[in-house]
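One structure below.
The values are calculated or read from the model by the stated rules, or taken from the named source; none is laboratory data. Everything quoted here is computed from the prediction, not taken from an experiment. Here the Cβ positions follow ideal geometry from the backbone for every residue, glycine too, while neighbour counts run over all protein chains shown.
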Amino acid sequence: MKQLVMHVDMDSFFASVEQLDHEEYRGKPLIIGGLAGRGVVSTCSYEARKFGVHSAMPMGRAQQLCPQGIFIEGNYPRYAEVSKQIFAIFDRYSPVIEPLSIDEAFLDLTGMGKIMGTPLHYAKKLKAEIREKTGIVASVGIAPNKFLAKLASDLEKPDGLVIITDDKIRQVLDPLPVGRIWGVGRRMNEQLANLGIRTIGDLYRADPHHLCQQVGENMARHLHQLAAGIDHRVVAPRERAKSIGKEMTFTEDLQCSEDAERVLLDLSCKVGWRLRKAGEKARTIQLKLRLSSGFKTFTRSRTLPEATCYDEQIYHTVLDLFHELQLFRGIRLLGVSTAGFDDGRELSLFQDEAKKDNLYAAIDKIRAKFGEGGITKAQLLCKDKQK
Ligand code: TTP
Ligand code: MG
């Protein structure tokens, strides 16, 4: 059956939530991101984009471009809450949803003609419902495949609604720069520019032989297919990760338990953060340790009575496992991972846990500002950090 895919993406998501919650931000250039040190812009309102501000730009640069802007750090738990409401709405519009990030997803509309009526009507209904129930504006793209649907949702942002039908594919794709194709970054852009290929139309009509020579056979085939508007990937509901972890290999072996403990603390904090970002709590904590002699690898795990996403619980568990192993010298690799995710995670917010969640929300805000290595437990600060 011929595919029909819808891609939905919220407009300036974090900034829109803030403008919804704070009347004084509405209609103003609002910039969200890390305010201290080398912070970067997470996103900004469309009012700020007129000044050239965009995601991932250093905050200092944004301040230069838009000195009259309102600069705030943002409130990730609140964005996650709105995201949840939006995904609950998606659920009623298609049985097959593939989340891509906190504010966007593919919805498979294949074979839904009778239920949905026309795609245009369906998209308008979804946009209206999101706006009504959450106050957020979404842009929607509908097309015969994922590549074109994602492209379509971006074409008329903000408040966009673009439907690409088969007969419109060339008209839409031909003038777009090749950088609009997934996976075409700066380097690939340069390689294609060497062949005089700047637009998707150029790519579509490029000599296959020259293209192969420049980027290799597989990549050439892939690029040509997308330029032709062909994409066979299906909308695949994202499976929940089965485990979340992090490991570190050392250029110089660790020779004492103190050093190893510091690394384990660092790893535990990072894993805790990843769990919280994924909205997961895990019951099983695993330690992995590799010795340099013979590359012998040991794993030890423990299942906790209650699932956790808290740094200190993860750390204390791996620390116990580490001491049980009794291997303190010649350590080449250490890893911490978690599994056994808790299905009742949304119901488990008892008083104490709610407090702890708030504390971690504050810690994570700092982490979001500086990246994974940004917040460091006091014990880590006492000594040089192992990287
Ligand atoms: P996007 O959908 O890429 O951006 P956006 O929703 O802010 O704006 P647009 O209208 O162009 O879709 O990302 C969704 C959210 O993810 C965004 O509001 C903030 C966050 N984000 C970052 O924190 N850092 C980034 O570099 C990007 C791109 C997004
Ligand atoms: Mg968005």
- Item | Residues satisfying the stated conditions in the stretch 28-52, i.e. over 18 Å from residue 10 (Cβ atoms) and either touching a residue at least 40 places away in the same chain (Cβ under 8 Å) or more than 18 Å from the chain's Cα centre (by Cα) (or both) | 28, 29, 34, 35, 36, 37, 38, 39, 50, 51, 52
- Identify all residues within the stretch 87-96 that are within 16 Å of ligand 2 (Cβ to nearest atom) and in contact with a helix residue (DSSP H, G or I) (Cβ under 6 Å, 6 or more places away or on another chain); write none if there are none. 89
- Does residue 276 fit the bill of being among the basic types (Lys, Arg), in a helix (DSSP H, G or I) and within 28 Å of the chain's Cα centre (by Cα)? yes
- Note on the structure: From the option list 123, 149, single residue qualifying as in the same structural domain as residue 13 (by TED's automatic domain parsing), assigned to a helix (DSSP H, G or I), among the small types (Gly, Ala, Ser) and under 21 Å from the mean Cα position of the chain (by Cα) is 149
- Query: In the stretch 51-71, which residues are in contact with a strand residue (DSSP E or B) (Cβ under 7 Å, 6 or more places away or on another chain) and loosely packed, with under 14 Cβ neighbours inside 10 Å?
  - Reply: 56
- Among helices (runs of 4 or more DSSP H) lying entirely in the stretch 180-265, which contain 3 or more residues that are under 26 Å from the mean Cα position of the chain (by Cα) and in contact (Cβ under 8 Å) with a residue 40 or more places away in the chain? 217-227
- Message: Criterion first (outside the structural domain of residue 9 (by TED's automatic domain parsing), part of a helix (DSSP H, G or I) and either more than 26 Å from the chain's Cα centre (by Cα) or within 16 Å of ligand 1 (Cβ to nearest atom) (or both)) does residue 154 satisfy it?
- Response: no
- Top-ranked residue in the stretch 1-31 [being within 25 Å of residue 106 (Cβ to Cβ) and among the polar types (S, T, N, Q); ranked as farthest from ligand 2 (Cβ to nearest atom)]: 3
- Message: Being out of contact with any Ser or Thr (no Cβ under 6 Å at 6 or more places or on another chain) and modelled with pLDDT of 95 or more: is that true of residue 232 here?
- Response: no
- Message: I'd like to check which strands (runs of 3 or more DSSP E) are fully inside the stretch 26-74 and have at least 3 residues that are within 15 Å of ligand 1 (Cβ to nearest atom).
- Response: 30-33, 41-44
- Query: Looking at the stretch 75-119, which of the residues that are among the aromatic types (Phe, Trp, Tyr) and within 16 Å of ligand 1 (Cβ to nearest atom) is farthest from the chain's Cα centre (by Cα)?
  - Reply: 90
- From 45, 83, residue being more than 16 Å from residue 149 (Cα to Cα), buried (at least 18 other Cβ atoms within 10 Å of the Cβ) and in contact with a strand residue (DSSP E or B) (Cβ under 6 Å, 6 or more places away or on another chain): 45
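Return yes or no: is residue 73 acidic (Asp, Glu), away from ligand 2 (no atom under 16 Å from the Cβ) and without any contact (Cβ under 8 Å) to a residue 24 or more places away in the chain?
So residue 73 fails the test.
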- Task: Working only within the stretch 98-126, note down all residues that are within 16 Å of ligand 2 (Cβ to nearest atom) and of a type in the set (Ser, Thr, Tyr).
- Result: 101
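So that you can scan it fast, the table gives a plain yes or no per residue for (1) surrounded by fewer than 13 Cβ atoms within 10 Å (Cβ to Cβ); (2) among the β-branched types (Val, Ile, Thr):
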| residue | (1), (2) |
| --- | --- |
| 208 | yes, no |
| 212 | no, no |
| 215 | no, yes |
| 219 | no, no |
| 223 | no, no |
| 226 | no, no |
| 235 | no, yes |
| 242 | yes, no |
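Residues are listed down the side, and each one gets a yes or a no for (1) in a loop (DSSP other than H, G, I, E, B); (2) charged (D, E, K, R); (3) surrounded by 16 or more Cβ atoms within 10 Å (Cβ to Cβ):
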{"position": "286", "(1), (2), (3)": "no, no, yes"}
{"position": "290", "(1), (2), (3)": "no, yes, yes"}
{"position": "298", "(1), (2), (3)": "no, no, no"}
{"position": "301", "(1), (2), (3)": "no, no, yes"}
{"position": "304", "(1), (2), (3)": "no, no, yes"}
{"position": "315", "(1), (2), (3)": "no, no, yes"}
{"position": "336", "(1), (2), (3)": "no, no, yes"}
{"position": "339", "(1), (2), (3)": "no, no, yes"}
